[in-house]
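Values in this text are rule-based calculations from the coordinates and carry no lab data. Bear in mind that the values here come from a model prediction, so they are computed numbers and not experimental data. FYI the Cβ positions are ideal-geometry reconstructions off the backbone, even for glycines, and counts take in every protein chain you see.
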Amino acid sequence: MSVFKSGSKALITGGASGIGLAVAQLCLKHGMRVAVVDFNKETLDLAQKSLKGDVQYLQADVSQEQEWKGIQEKVEDVDFLLLNAGIGARGTWGDSEYFSKIFSTNLFGVVNGLNTYVPTFQSRSNASPATIVITGSKQGITNPPGNPAYNASKAAVKSLAEHLSWDLRENKDVSVHLLVPGWTFTGLSGNVPGASKEKPPGAWSPEQVASYMEQKIKDDKFYIICPDNDVNEETDKKRMLWTVGDIVNERPPLTRWRDEYKKEAEEWMAKQDV
């Protein structure tokens, strides 16, 4: 039985735009009650105009632990929890504000949400299905150079999701999933609610990600690694295998981007059948 059914209650952070908004729309299509949490008042107002159904709107900063107390007071129990709020920023070593800002939202926004709601999932006494989804990133797996704080935050989120899946393994009614979008046309890439920018041909829409997530949850897959219109599933798998090979084969890190290894990496991936 799926959590996506009439009467189930969803809580979605970063729910006023992008993937969060698309998942909120998906939940409402199934007759679910939805609580949308977002920091941006403007996008919350726009979401309120586009979402139709039983929706509760909460403006909150998920990076602040005390604000989660207010969220839980308004939304006591949920069946579907999507911890999706995230920000993108650029910075480098020595820029403490860059690291602090990214970690506060992308990592502690997840930690705070889990600490608030996981105990309620652990104590569930009914047999109805429940689901926790955490939004990660391929950058947290293959770790491309250029954005260390973002990559590290998403690598940490991956680790948290994996550990949570293990800790809840005995509760057969609760499933945990790591959602890893591909290139998606969200606010991070210019798709701000109310904007008229056209989706790039290579990107997926947030609605495609939401639909793919729903199917993988039904298939009981923990890792939901989304392709896009430029990168297929096979290519993703090869890139991840090569990345792990840096450790196994005692190569330097990030060899896919090092000039002395680029040719070897390309030839290796061309020969692989996954």
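General observations
- Degrees between helix 41-50 axis and first principal axis of the chain (Cα, 0 to 90, nearest 10): 70 degrees
- Protection proxy ranking of 114-126, 35-47, 52-64, by the mean of other Cβ atoms within 10 Å over each peptide's residues and highest first, is 35-47, 52-64, 114-126.
- Likely footprinting exposure, 13, 186, fewest C-beta neighbours within 10 Å first: 186, 13
- Multiplying each eigenvalue of the alpha-carbon gyration tensor of segment 62-144 by 5 and taking the square root yields semi-axes of 29, 16, 8 Å, largest first, rounded to whole angstroms.
- Measuring between their Cα centroids, segment 207-274 and segment 158-189 lie 17 Å from each other.
- For the listed residue pairs 9/199; 138/221; 5/52, the alpha carbons are over 21 angstrom apart in 9/199.
- Ratio of Rg to Rh over segment 135-253 (Cα coordinates, Kirkwood Rh, two decimals): 1.00
- Helix 206-218 and the longest principal axis of the Cα set of the chain meet at an angle near 80°.
- 0 to 90° range, to nearest 10: angle between helix 259-271 axis and the chain longest Cα axis: 70 degrees
- The chain: most fluctuating residue of 181, 252, 227 per GNM, C-alpha cutoff 10 Å: 252
- Over segment 41-97, the Kirkwood radius and the radius of gyration, each from Cα atoms, give a ratio Rg/Rh of 1.06.
- For residue 27, net neighbour charge (Lys/Arg +1, Asp/Glu -1) across residues whose Cβ lies under 11 Å away: +1
- For segment 53-202, radius of gyration divided by Kirkwood radius, i.e. Rg to Rh on alpha-carbons: 0.99
- Loop sites in segment 195-274: trypsin sites (Lys or Arg not before Pro), DSSP, at most 13 other Cβ within 10 Å: 197
- Spin-label pair residue 1-residue 48: with each label point 7 Å from Cα along the Cα-Cβ axis, the two points sit 3.5 nm from one another.
- Scattering from the chain was approximated by placing one identical point on each alpha carbon and applying the Debye formula without solvent; log10 I(q)/I(0) at 0.08, 0.10, 0.11 1/Å stands at -0.33, -0.52, -0.63.
- Value of D in µm² per second that Stokes-Einstein yields for segment 1-139, Kirkwood Rh from Cα pairs, at 10 °C (1.306 mPa s): 103 µm²/s
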